[in-house]
Structure formats: C-alpha cells, structure tokens
Amino acid sequence: MTAAAARGNSSGDSATSSSVEQQRQAAATSSSDQQQRQAAATSNEDEISTAEERNESSNAENETAVDGELDVPRRNAFGHDFRDFEKESMRNAIVQECYRKNHIYQTCDFANKKKEEYGKLNKAEMSIWECCELLKDYVDESDPDLDEPQIDHLLQTAEAIRRDHPHEHWLHLTALIHDLGKVLLHPAFGEEPQWCVVGRFHSSGDTFPLGCAFDNNIVHHQFFKENPDSRNPAFNTKLGIYSENIGLDNITMSWGHDEYMYLVAKGNNTTLPPAGLFIIRFHSFYAMHRYGAYTFLMNDEDKEMLKWLQVFNKYDLYSKSKVKINQEEVKPYYLSLIKKYFPEKLKW
Ligand SMILES: [Fe+2]
Ligand SMILES: [Fe+2]
C-alpha cells in the first residue's frame with residue numbers, strides 16, 4: 001500500500017483529498033521544515049557524526065586550496081567546508097529555537113492529550129513495510145539526517161545489529177521500526193511540527209518525563225523555565241506526581257515519535273518482547289540511558305531492559321555510513337520478521 005492508501009482511513013483529515021505529489025510538494029516548500037532540516041543537519045547532530053566522518057576530516061587537514069599566495073585548508077578541524085560557516089550558524093539558531101519550543105510547550109497536559117489523540121489509532125491502516133515506504137517518500141525531506149533517507153537509516157541500523165547479534169531477531173525488527181513514529185510529520189497524520197516529533201537534533205536529553213522536575217542533563221535545560229510545569233508545585237519536585245521506582249511504564253514522557261511508535265506497536269498487539277517496546281519508547285530518553293538520570297523512577301525490569309537499549313543506541317547513532325543497503329536484497333528477511341511479530345495491517 002502506498003501513501004494514498006495510508007490516507008484512506010485518515011479520519012476527516014484534509015490530506016485525504018490531496019494527492020501524494022501535492023503533499024510532497026507542500027512538504028518540500030514548507031520553509032520552516034526546510035529551515036529545521038538544515039538546522040538539524042549541522043547542529044548538535046554533528047556531535048554524533050560517525051567515526052568515518054572524523055577520519056575524513058583528518059584526511060582533509062592535508063587537503064588544501066590555493067588562495068593567492070597561501071595554501072589554505074578547504075575544511076576546518078571538524079571537516080566542515082569553511083564556506084558553510086554562515087549556513088551552519090543559521091542552522092544552529094533554528095535548532096535552538098526548536099528546542100526552545102519543545103521545552104516550553106511539552107507539558108504533562110500536552111503530552112497526555114497527544115497520547116489520547118494518537119492512541120485512538122484512527123489515522124491510517126497500513127503494514128509496517130508500507131510505513132517504511134511512506135517515510136522514504138516523505139520524511140527523508142525533513143529528517144535531521146539531511147543526506148540520508150530515513151529508510152537507509154533504519155536498514156543500516158537493523159543490518160549493523162543483525163551482523164553483530166545474528167540471533168536476536170526481535171532486535172533486528174526493533175531497529176527497523178524504531179523511527180517509524182516520524183510518520184507524524186506526514187500531512188496524512190496531521191503534519192505535526194518538528195519540535196514535537198523528532199528528537200535527534202542533539203545527542204542528549206531529547207525526550208524526558210513530565211509530571212516531575214526537569215533534570216539538568218536534558219539538553220538546553222534553561223528553556224524549561226518558561227514551561228508552565230516548572231511553576232506547578234505538583235510537578236516541580238524530584239518525584240512530582242510519581243513514587244520512588246514506580247517504573248517507566250507509568251511515566252508520562254514528552255510527546256514524540258518514540259511514544260507514538262510505542263502506542264502503535266502495543267495497540268496492534270505486537271509480540272515483540274518487552275525490551276523491544278522499551279527501546280522503541282525510550283530511545284531518545286538520553287538523560288536516562290546516557291547520563292543515568294531519573295533512575296529513581298525505574299524499577300528492576302527497567303534496569304534489565306536498559307542494557308538492551310544501550311546496545312541498540314550504539315547502532316542507532318553510529319550506523320550511518322556511506323554503505324547503501326540493498327533494500328530489495330534484505331526485504332524478504334524483514335518481511336518475515338514483520339509477519340512473525342505484527343499483524344499484516346496495523347492501525348496507526
Ligand atoms: Fe528516533
Ligand atoms: Fe534512529
């Protein structure tokens with residue numbers, strides 16, 4: 001099924017009457033999306049650039065261009081072309097603005113409303129693979145990984161894990177689907193703004209618990225002072241509305257593609273093990289899985305599953321490579337996994 005079919009069940013969405021091409025064009029011409037894309041690409045995402053990019057940059061140190069009498073390097077120490085400086089600072093400013101909005105508007109009430117709205121799963125009906133293709137059609141345009149179609153990121157992550165952990169079939173599939181929640185950016189799903197969908201602008205603190213105090217390890221923590229929850233005495237203590245070791249399952253997380261894909265997987269009765277669902281739901285919760293924050297909310301099961309999330313995260317961040325996975329070659333394997341763990345058609 002294609003994007004058109006995905007829109008078929010979209011409940012009263014205006015996108016139901018427009019063609020895929022129109023949607024793509026609309027997306028392509030959305031200047032804010034473009035700005036955010038540009039912003040994301042060279043912002044803090046660079047912090048998680050691959051080792052090979054760093055290697056390239058060190059090679060580039062020797063690469064020079066003749067400028068008058070002087071030989072000047074083409075690239076800076078980070079491998080960026082000097083001519084890109086202006087563009088980069090603009091991108092950084094836009095990323096910062098995206099964080100500001102995210103931290104101000106992500107309140108407990110906001111996230112619960114989004115969960116309720118999207119938890120109805122009445123936007124579309126399609127298979128997992130159809131959603132991958134929908135993302136390929138659309139979200140590659142607005143993903144922070146500017147030069148990498150979303151499907152490539154998914155397949156590269158899944159294939160890298162498959163190479164190193166050949167027997168963990170559930171983990172291969174988890175990797176393939178972990179970012180499918182980015183379909184929220186698609187017009188058929190309400191064309192949510194980037195600040196409440198994508199959490200990979202930075203290597204830290206992308207999603208976070210709501211209903212308790214914001215931890216200092218969350219990136220751009222300073223923007224939370226404008227979040228109304230910061231002034232709510234019920235929410236601004238260490239535990240807030242929660243009890244010690246309540247379990248992450250009982251926490252309201254900030255809304256984004258992680259939470260949405262978790263709702264989709266759970267709502268369609270996936271047979272993926274709990275660790276797979278944990279990875280999908282918390283892979284952008286960097287304050288927890290990278291900096292060890294909020295452990296007081298975790299129970300013993302969370303701590304066990306965290307080990308798998310940390311395995312996964314390494315591949316999510318570093319699987320980006322120039323090696324293009326032959327989609328047609330690996331597709332039968334992933335279709336067989338999808339068949340094992342999901343119904344043929346899912347509600348989204
Ligand atoms: Fe993600
Ligand atoms: Fe990812």
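Derivation of every value follows stated rules applied to the coordinates shown; laboratory data play no part. Just so it is clear, the model here is predicted, and its values are computed rather than measured. Don't worry about glycine lacking a Cβ; one is built from the backbone with ideal geometry, like all the others, and counts go over all protein chains shown.
For the listed residue pairs 225/266; 266/307; 182/324; 114/225, the alpha carbons are over 28 angstrom apart in 225/266. Spin-label model, residue 347/residue 304: points 7 Å from Cα along the beta carbon direction are separated by 3.0 nm. Shown is the FRET efficiency for residue 112 and residue 327, computed with R0 = 45 Å from the Cβ-Cβ distance and rounded to the nearest 0.05: 0.75.
Annotation note: trypsin sites (Lys or Arg not before Pro) in the stretch 301-348 located in DSSP loop regions with a Cβ neighbour count of at most 11 within 10 Å are 322, 324.
Here the stretch 155-298 is treated with +1 on each Lys and Arg Cβ and -1 on each Asp and Glu Cβ, and its dipole about the Cα centre works out to around 120 debye. Counting neighbouring Cβ atoms within 10 Å and putting the fewest first, the residues 168, 97, 259, 328 line up as 328, 97, 168, 259.
Modelled label positions at residue 225 and residue 246, each set 7 Å beyond Cα in the direction of Cβ, lie 2.7 nm from each other.
Taking other C-beta atoms within 10 Å as the exposure proxy, 255, 348 rank 255, 348 from fewest upward. Each of 120, 266 was scored by other Cβ atoms within 10 Å of its Cβ. Arranged with the fewest first, they read 120, 266. Seen from every direction in turn and averaged, the convex hull around the alpha carbons of the stretch 258-348 projects onto 7.1 nm².
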